[in-house]
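The values are calculated or read from the model by the stated rules, or taken from the named source; none is laboratory data. In this text the structure is predicted, and so the values were computed from the model without any measurement. Here the Cβ is made from the backbone with ideal geometry for all residues, glycine too, and neighbour counts use every protein chain on show. SASA here: full protein model, heavy atoms, side chains in, ligands and nucleic acids out. Shrake-Rupley method; radii C 1.70, N 1.55, O 1.52, S 1.80 Å.
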Amino acid sequence: MSDPRDPKSANTMWGGRFAEGPSAIMTAINASIGFDQRLYAQDIAGSRAHAAMLAAQGIISSKDAEAIGEGLLAILSEIEAGNFPFTPDLEDIHLNIEARLTERIGEAGKRLHTARSRNDQVAVDFRLWVRDQCDQAIAGLTGLMRAFLAQAEAGADWVMPGFTHLQTAQPVTWGHHMMAYVEMFARDRSRFQDARNRMNECPLGAAALAGTSFPIDRHMTARALGFDRPTANSLDSVSDRDFALEFLAAASICAMHLSRFAEELVIWSSAQFRFVRLSDRWTTGSSIMPQKKNPDAAELLRAKLGRILGATVALFTVMKGLALTYSKDMQEDKEQVFDAADSLMLGLAAMTGMVSDMTANREVLKAAAASGFSTATDLADWLVKALGLPFREAHHVTGALVAMAERKGCDLPDLTLEQMQSVHAGITADVFGVLGVENSVRSRTSYGGTAPDQVRAQIARWQKALG
């Protein structure tokens, strides 16, 4: 009997049609073991479920199924101990494990591939792996949301500037700003959960593309692997990579949200802003400028979006021109997803660490909130409510008062009543009650607004939801 691990007999894995083995260049371009060995646990789990089903259906003997199951567990231990001899001559993780199984248990190992193909085998392996990544992303996002909740709770009533166009707009609270990211990452978490729900169908048993004539039980293998049901169309089963694309799309949106807050950390920790401080755990120094404390972790995390978005575009490009069903192009589906998943999980962990670590400079935040005529909208609202002015007229009056304050080099609360009345005679001393930043944030009591009571209500809602 030829040794399936012998490179000269590698063609036997393809069948008797091939008289010669592949050239070195063909081996290099064809082999995927350098990266798909990451699927070893999923491949072994799928094979064990498949063998158990074959025995239950009387397709192979119980004795062979037992030998296969024990042999696969032994191979799992070998791989995890770093003692497995991976070889590119056997192309991929599936053939490497099958060859090693046959080497360990003999003829019984050759029966494992009955009623399946590498097409449905890789489809189930990859789907299991991506499903695991969804679970990890959901857990990572839950931890990140808790970190933002802790920051929000600590500073529910701390005043800071809210920005549009990166210009001071209206006063908000630190807690309100933190809760904005809780909402963003909650949507990300739901996207991964939705993607997981959709991908939780088992393609094993679709075989090469048309199903199989063996009396298999696909529902049994689906249950054994934690799927809700088997996939309903064998053609779609082996050619579908929607689940990977949806994972990448969710990862890209999540990474974009991570990048947005990373950008805020870079800005906020600068000497010009001084809104937050990051500890030495998340910053680095300069080789020639001893005063520097660079937010490198935030900058690197901001850059991770490029890798993840690039992976998304790459896989869309691979898949967009493929007729049904499987084409070898689809071997290029994994490296992009592996890299994107690694980048995302690292980014979630790093951001959770930075959010937990950062210290807000409350006094600087408050002083910045009062700059840039941030209570101008409060003044306009007061003119509408107290004097009955149409909002457009109130907007015009407020603009004139802002221009006056700019000329005098002061802020709106520093104008005298007489100066204000020179623009509109109806203004009374009551106006000063709405011009302070503390008064401003307390007045924003609409649902989802920045008033501290509203912020605390949202914090309580999410704390209850996360448990």
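Any residue that is open to solvent by 60 Å² or more (accessible area, probe 1.4 Å) and under 23 Å from D339 (Cα atoms) - is there at least one of those in the stretch 160-181? No, the stretch 160-181 has no match at all. Is it true that A156 is crowded, with 21+ Cβ neighbours inside 10 Å and over 23 Å from Q37 (Cα atoms)? Yes.
Please indicate, with yes or no, whether at least one residue in the stretch 316-329 is touching a strand residue (DSSP E or B) at 6+ places or on another chain (Cβ under 7 Å) and either on the phi > 0 side of the Ramachandran plot or not basic (K, R) (or both). Scanning the stretch 316-329, I find no residue that is touching a strand residue (DSSP E or B) at 6+ places or on another chain (Cβ under 7 Å) and either on the phi > 0 side of the Ramachandran plot or not basic (K, R) (or both), so the answer is no.
For residues that are open to solvent by less than 70 Å² (accessible area, probe 1.4 Å) and either without any contact (Cβ under 8 Å) to a residue 12 or more places away in the chain or of a type in the set (G, A, S) (or both), scanning just the stretch 391-401, find the one that is nearest to T375 (Cα to Cα). Only one residue fits best here, namely G399. For the stretch 364-376, name all the residues that are surrounded by fewer than 16 Cβ atoms within 10 Å (Cβ to Cβ), more than 34 Å from the chain's Cα centre (by Cα) and part of a helix (DSSP H, G or I). Passing the criteria: only A367. Residues of the stretch 455-467 that are part of a helix (DSSP H, G or I) and either among the acidic types (D, E) or open to solvent by 40 Å² or more (accessible area, probe 1.4 Å) (or both): R456, A457, A460, R461, Q463, K464, A465. Inside the stretch 426-467, can you point out the residues that are under 17 Å from D411 (Cα atoms) and hydroxyl-bearing (S, T, Y)? Selection gives S440 alone.
Scanning the stretch 186-201 for residues that are without any contact (Cβ under 8 Å) to a residue 12 or more places away in the chain, touching a Lys or Arg at 6+ places or on another chain (Cβ under 9 Å) and not acidic (D, E) turns up nothing. If only residues of the stretch 402-447 that are outside any helix (DSSP H, G or I) and open to solvent by less than 40 Å² (accessible area, probe 1.4 Å) are counted, the one that is farthest from E363 (Cα to Cα) is G426. If you take the residues in the stretch 63-78 that are without any contact (Cβ under 8 Å) to a residue 40 or more places away in the chain and open to solvent by less than 50 Å² (accessible area, probe 1.4 Å), which one is farthest from L204 (Cα to Cα)? Among those that are without any contact (Cβ under 8 Å) to a residue 40 or more places away in the chain and open to solvent by less than 50 Å² (accessible area, probe 1.4 Å), it is E78. Cβ-Cβ contacts under 6 Å between residues 6 or more apart (or on different chains), taken from a first residue in the stretch 35-62 that is within 26 Å of E80 (Cβ to Cβ) to a second residue that is open to solvent by 30 Å² or more (accessible area, probe 1.4 Å) and aromatic (F, W, Y), are listed as Q37/F86.
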